[in-house]
1. Checking the condition open to solvent by less than 10 Å² (accessible area, probe 1.4 Å) and either within 16 Å of TYR238 (Cα to Cα) or of a type in the set (A, V, I, L, M) (or both), which residue from ALA176, ALA184 passes?
2. Could you list all residues from the range 268-283 that are touching a strand residue (DSSP E or B) at 6+ places or on another chain (Cβ under 9 Å) and either surrounded by 17 or more Cβ atoms within 10 Å (Cβ to Cβ) or part of a strand (DSSP E or B) (or both)?
3. Does SER214 satisfy the criteria of being under 24 Å from LEU281 (Cα atoms) and of a type in the set (S, T, N, Q)?
4. Within the set of pairs 6+ apart or on separate chains, which have a first residue in the range 139-155 that is aromatic (Phe, Trp, Tyr), a second that is open to solvent by 30 Å² or more (accessible area, probe 1.4 Å), and C-beta atoms under 8 Å apart?
5. Looking for whichever is more than 14 Å from the chain's Cα centre (by Cα) and among the β-branched types (Val, Ile, Thr) here; the options are VAL89, VAL75, VAL122. Which one fits?
6. Being touching a strand residue (DSSP E or B) at 6+ places or on another chain (Cβ under 9 Å) and farther than 21 Å from SER94 by Cα is the requirement here; does VAL205 meet it?
7. Could you grab the pairs with beta carbons closer than 8 Å, sequence gap of 6+ or different chains, first residue in the range 205-216 and surrounded by fewer than 24 Cβ atoms within 10 Å (Cβ to Cβ), second one of a type in the set (Val, Ile, Thr)?
8. More than 18 Å from GLN251 (Cβ to Cβ), among the hydrophobic types (A, V, I, L, M, F, W, C) and open to solvent by less than 70 Å² (accessible area, probe 1.4 Å), is that true of ALA159?
Amino acid sequence: MRAPNRADDVSNWPGPGQLAWVCHVRNYLKTICVALLGFAAFACPDFARSARAAEQGTVRVAAAADLKFTMGDIVEAFRREHPAVNVAVTYGSSGNFYAQLSNRAPFDIFFSADIDYPRRLVRESLAIADSEFLYGVGRLVLWVPRASTLEIEKLGMKALLSPSVRRIAIANPRHAPYGRAAEAAMKNMRVYEQIKDRLVLGDSVMQTAQFVDSGGAEIGIISQSLALAPPLSTKGRYWEVPMDSYPRRDQGGVILSWAQDRAAAEALRDFVLSEDGKAVLRRHGFRSREEDHGF
């Protein structure tokens, strides 16, 4: 004879009143959980954004304007290894970015044309101290359109003194490292006083190149990385400014202390410093300090 099963005993089942009470409690607990999650998202928006960024793998990059084309190649190569990580790059002058980042602008990692700006952010506790890195040494060049009659290869910096040169484009020295380097080179090579009234200032070294490319200036002093990039390499000619005529362009970066996805930012930094990343940088005219003999 089969032993009695408690499940078969109807007297053990909850009655209608008990079932209603269980449903009420369950719905009440659901309401509390939803309310707590909503409150957490409202009270801690940074946490909520961070969680979304981590899930999506997004890196927000502030990059010096001389990296305009270099960074495009780096991101393309990086995403082949990290297809789940999105990279959003904004370009501008390093000095302007420093001012924005001092007010906690929404970026995760900063690539600067002057390593001094990232170091300042570290000193001000706005960047992660052990995340600082150097990615290359930048170089300065005179650049003219390919059809220009200026013989920059022969004249070098003296080309700026040519009567046919009415406007000379450089980046604004107040906030652009390449502008300060251009100004120093002109002073050290003793042409600055003669041509200072013909200078036109770009907001960044990229805008400086655009001035010359569009005919707004006959000649410009820009980064070698831009002169080598396909959009400009086919349009113009350049002469490399001697590196002992201006302060060395040690370029580097740092991860910001409020980075939403630090792991993704570190992955991008590590790729830039890897052999594959260095190969891209060399192709665009950047060299490491070790590769720059004589320094």
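1. The match here is ALA176.
2. Within the range 268-283, LEU268, ARG269, VAL272, GLY277, LYS278, LEU281 qualify.
3. No; evaluated as a whole, the condition is false for this residue.
4. Between residues of the range 139-155 that are aromatic (Phe, Trp, Tyr) and residues that are open to solvent by 30 Å² or more (accessible area, probe 1.4 Å), the close pairs are TRP143/ARG237; TRP143/TYR238.
5. On inspection, the qualifying residue turns out to be VAL122.
6. Working: touching a strand residue (DSSP E or B) at 6+ places or on another chain (Cβ under 9 Å): yes; farther than 21 Å from SER94 by Cα: no.
It is false that VAL205 is touching a strand residue (DSSP E or B) at 6+ places or on another chain (Cβ under 9 Å) and farther than 21 Å from SER94 by Cα.
7. Going by the 8 Å Cβ cut-off, the qualifying pairs are PHE211/VAL200; GLY216/VAL200.
8. It is true that ALA159 is more than 18 Å from GLN251 (Cβ to Cβ), among the hydrophobic types (A, V, I, L, M, F, W, C) and open to solvent by less than 70 Å² (accessible area, probe 1.4 Å).
The values are calculated or read from the model by the stated rules, or taken from the named source; none is laboratory data. Because the structure is predicted, anything quoted here is derived from the model rather than measured. With ideal geometry, Cβ positions are generated from the backbone for all residues, glycine too; neighbour counts draw on all protein chains shown. Note: accessible area is taken over every heavy atom of the protein model, side chains too, but ligands, DNA and RNA are not part of it. Shrake-Rupley method; radii C 1.70, N 1.55, O 1.52, S 1.80 Å.
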